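Have a look at the structure below, then the notes.
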Amino acid sequence: MTEDVSERVVELAKRRGFFFQSNGAYGGVSGFYTYGPQGATLKDNVEDAWRDRFAVAEGHMEVDAPTVMPEPVFEASGHLDGFDDMLVECPECGENHRADHLVEDDTEIEEAESVPTEEVEDLIAEHDLVCPDCGTELAGQPVEEFNLMFETNIGPGSSQPGYLRPETAQGIFVEFPRLKEYARNQLPFGVTQIGKAYRNEISPRNSIIRVRELTQAELEHFVDPEEDEPPLHRVEDVRVTLYPADEQEKEEGGYVETTVGEAVEEGILTNDWVAYYLGVAEPWYDRVGVDMDRFRFRQHLSGERAHYAADCWDAEAEIDGDWFELAGFAYRSDYDLSKHAEHSDEEFTLFKQYDEPKRVERATVDPDMSYLGPEFGGDAGDVADALERKAERDRAAFDGEDVTVETDGEEYAVPLEKTGFGVEEVTESGEHITPHVVEPSFGVDRTVYTVVAHAYREDEVDGEERSYLDLDPEVAPTTVGVFPLMDKDGMDERARDIAAELREDGHDVTYDDSGAIGRRYRRQDEVGTPFCVTVDYETLEAGTVTVRERDTTEQTRVPVEDLSETLTALRDGDRTFDEVLVAADAE
Ligand code: GAP
């Protein structure tokens, strides 16, 4: 069963309450999905597993920032100018398409996102690409940059534009001045956030793989680039499948199967922090149920990297022969904190104490206010402050005849001789440094989709076709289905009591008394419930229940007093179902 898994997954997801397109009563809008009861729990479980590994186990803190942020944040972050996709409009039906996706779908080019717009226009003409909706030729149509952010107004009127955040990350970066206090001004420290992000995708597609409202799980790890090193020894033996940029560029390029440690030694992974997080992520994806034979880490090609990224690798998964991005691991250097420092009045630095005081050169300014005042009026004070910051951070800016500074989005050129620029030798006990950032950024929706698609199985049970989800108990929406064989003779009451007791012991339980027992098993199989418990006449007479395992459909009898403990051991992987069968046979 290898073909069209996606179609079957989408159908099952809708039928069984995992996820479906929202607003169906009004015709639906592309790119918006609702998670049903099963999907919402599965998604929560994936998020909990992420939090457990990337926040708790790493000792990082978690925040929860607003999803609407004012315009200056995105001016500073570069999203207003650079967060674009390539748009081409059909001249006949008016439908909008992602030009790079059309190129990827119909040519050998795998990453057209990194191709300049003019070349994409040429490729559209060269390959006679047509509108997927109406078949009209698109040659000659302009390819334009389309900004993906959703704009809104904060409060009445339009005086304060805001945007729905396109990544959760900015909610962490803008709060750095406060967050560093919570970290006692010590590097390195990490801050995580799981939450919604919004992207006005040109053509949302593939169910929850490309949506307009998505959930991200992001970690911003602030480090001192000169001193901090990741604990690589903890992940050096983790085996990874890497697809480096140079292999992608070769005609016959392929994967490098190696360990994290070897990849670092051989210079395939050049950034130790990125390498560390690939080593943490690989077992995590395995843990939540991604098929590691259909998983790889692919390095970004140079033209593909986001405006902030110095190096970036993606975790990718394969479904139906297509690879898509699950997460990005970017080295963002000091890009974000420096930008917010430039655009705001806050300090985005951290004071680093030297082991011993040092004699150092310090650049200073003493702006000539008798020049700045008449020249820049009310902005003169801000220009003087900006000159001071510039001298601290970018001494080379004072090499020319004029020094250009930016304040509140406006640029001001000041003649060098009016800046009072000078360099003096002073004794300093430390320095203000701008931390660098390494960022593992996970798409939760895509993880959920992959977990479901990779868990999808079909087989035959008692001559009947069956589909089921081979979900790991840690993420399965329900771990135990409890059924009375029949709704009479006290079996239903006993079954309800058992369900309640199991819930009290921390099991996720579904109670189901509707329809034939075989149908109830199928329902649970399709939502990936690993174990089902049936209460029958023997339960009333001998105090035992039937426990059935999802994948093999094998059954055994377990005394009610041992049930919770047995299910806990099975759920946590401390005992296999075979061991439970052997133990039952021995009695
Ligand atoms: N802060 C970095 C950042 O946002 P990204 O690669 O743009 O990086 C991170 O997004 C992850 O978010 C992706 O790897 C992907 O899993 C998920 N993602 C991005 N756009 C998405 C969309 N439109 N629908 C679903 N998931 C998306």
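The values are calculated or read from the model by the stated rules, or taken from the named source; none is laboratory data. It should be emphasised that the depicted structure is a prediction, and the values quoted were computed from it without experimental measurement. Glycine also receives a Cβ, built like all others from the backbone with ideal geometry; neighbour counts cover every protein chain displayed. Keep in mind that these areas ignore ligands, DNA and RNA; they rest on the heavy atoms of the full protein, side chains included. Shrake-Rupley method; radii C 1.70, N 1.55, O 1.52, S 1.80 Å.
Name the residues whose placed amide hydrogens come within less than 5 Å of the amide hydrogen of residue 269, ignoring near sequence neighbours (fewer than 5 apart) on the same chain.
Here 264 satisfy the definition.
Which lysines, on any chain, are close to residue 390 with Cα under 20 Å apart, when same-chain ones fewer than 8 places away are left out?
Partners within reach: 339, 352, 418.
To the nearest 10 square angstrom, what accessible area does residue 50 show with a 1.4 Å probe?
Counting only protein heavy atoms, the figure is 0 Å².
Taking θ = phi - 60°, what integer Hz values does the Karplus form 6.51 cos²θ - 1.76 cosθ + 1.60 yield along segment 72-84, in sequence order, with x for Gly and Pro?
x, 4, 8, 5, 5, 6, x, 5, 5, 8, x, 8, 10
Along each of the three principal axes of the Cα atoms of segment 478-586, give the extent in whole Å, ordering the values from largest to smallest.
Largest to smallest, the principal-axis extents are 34, 31, 25 Å.
With every protein chain kept in place and ligands, DNA and RNA left out, what is the accessible area per residue of segment 155-257? Probe 1.4 Å, answer in Å². Write down the numbers at each step before the final one.
Working: 4830 Å² over 103 residues.
Here the residues of segment 155-257 average 47 Å² of exposed surface.
Using alpha carbon centroids, what distance separates segment 343-379 and segment 116-164, in Å?
42 Å
Hey, if you put +1 on the Cβ of every Lys and Arg and -1 on every Asp and Glu Cβ in the chain, which of 546, 162, 136 ends up farthest toward the positive end of that dipole?
Going by the Cα projections, it comes out as 546.
Taking the Cβ of residue 301 as the center, what net charge do the other residues with Cβ under 10 Å away carry, scoring Lys and Arg +1 and Asp and Glu -1?
Net of charged neighbours comes to -4.
Roughly how big is the chain's charge dipole about its Cα centre, with Cβ charges of +1 (Lys, Arg) and -1 (Asp, Glu), in debye to the nearest 20? Before the final figure, lay out each step's value.
Values: 52 positive and 143 negative charges, 469 e Å.
The calculation lands at about 2260 debye.
For 348, 376, 146, give me the order by solvent-accessible area with a 1.4 Å probe, most accessible first, ignoring ligands, DNA and RNA.
These residues rank, largest area first, as 146, 376, 348.
Tell me what the chain gives for mean residue ellipticity at 222 nm when only DSSP H runs of n ≥ 4 count, each as -39,500 (n - 2.57), the sum divided by the residue total, rounded to 500 deg cm²/dmol. It would help to have the intermediate numbers written out before the result.
Numbers: 20 runs with 189 residues, N = 587.
Computed ellipticity for the chain at 222 nm equals -9500 deg cm²/dmol.
Against the longest principal axis of the chain, how steep is helix 380-393, in degrees 0 to 90 to the nearest 10, with axes from Cα atoms?
70 degrees
With label points built 7 Å along Cα→Cβ from the Cα atoms of residue 565 and residue 181, find their separation and express it in nm.
5.2 nm
As an exercise, use a Förster radius of 35 Å and the Cβ-Cβ distance of residue 583 and residue 206 to find the FRET efficiency, rounded to the nearest 0.05.
On the way: r = 45 Å, r/R0 = 1.29.
Between residue 583 and residue 206 the formula returns 0.20.
Which GluC sites (Glu not before Pro) in segment 200-239 pass both tests, a DSSP loop state and at most 14 other beta-carbon atoms within 10 Å?
Passing both the DSSP loop test and the Cβ count: 226, 227.
If you count only protein heavy atoms and use a 1.4 Å probe, how large is the accessible surface of residue 557, to the nearest 10 Å²?
Roll a 1.4 Å probe over it and residue 557 shows about 70 Å².
If you find the alpha carbon centre of segment 493-555 and of segment 257-310, how far apart are they in angstrom?
Comparing the Cα centres of segment 493-555 and segment 257-310, I get a distance of 41 Å.
What angle, in degrees between 0 and 90 and rounded to the nearest 10, separates the Cα long axis of helix 577-586 from the longest principal axis of the Cα atoms of the chain?
So the inclination is approximately 30 degrees.
In what sequence, largest accessible area first, do 22, 514 appear using a 1.4 Å probe? Working shown, then result.
Numbers: 22 15, 514 60 Å².
So the residues, ranked largest to smallest area, are 514, 22.
Which of the cysteines found in the chain have nothing to pair with, since no other Cys Cβ lies under 4.7 Å from theirs?
That list is 312, 532.
Could you put 151, 504 in order of accessible surface area, largest first, with the 1.4 Å probe and the full protein assembly present? Working shown, then result.
Numbers: 151 120, 504 160 Å².
Order by accessible area, largest first: 504, 151.
Within 9 Å, Cβ to Cβ, of residue 239, how many net charges do the neighbouring residues add up to if Lys/Arg are +1 and Asp/Glu are -1? Write out the running numbers ahead of the final one.
Working: positive: none; negative: 237, 257, 282.
The answer is -3.
Can you tell me the accessible area per residue over segment 14-119, all protein chains present, probe 1.4 angstrom, in square angstrom?
Accessible surface, normalised per residue, equals 50 Å².
Please list log₁₀ I(q)/I(0) at q = 0.11 Å⁻¹ for the chain, using the Debye equation with identical point scatterers on the alpha-carbon positions.
Here log10 of I(q) over I(0) equals -1.15.
What does the charge add up to near residue 176, with Lys and Arg as +1, Asp and Glu as -1, over the other residues with Cβ less than 13 Å from its Cβ? The partial results should precede the final answer.
Details: positive: 178, 180, 332, 339; negative: 175, 181, 220, 334, 336, 346, 347.
Residues close to residue 176 contribute a combined charge of -3.
Please give the per residue volume of the convex hull enclosing the alpha carbon atoms of segment 84-147, rounded to a whole number of Å³.
Details: hull volume 4.4 nm³, N = 64.
With only Cα atoms used, segment 84-147 gives 69 Å³ per residue.
When the accessible area of the chain is split by element with a 1.4 Å probe, what percent falls to carbon and sulfur?
41 percent
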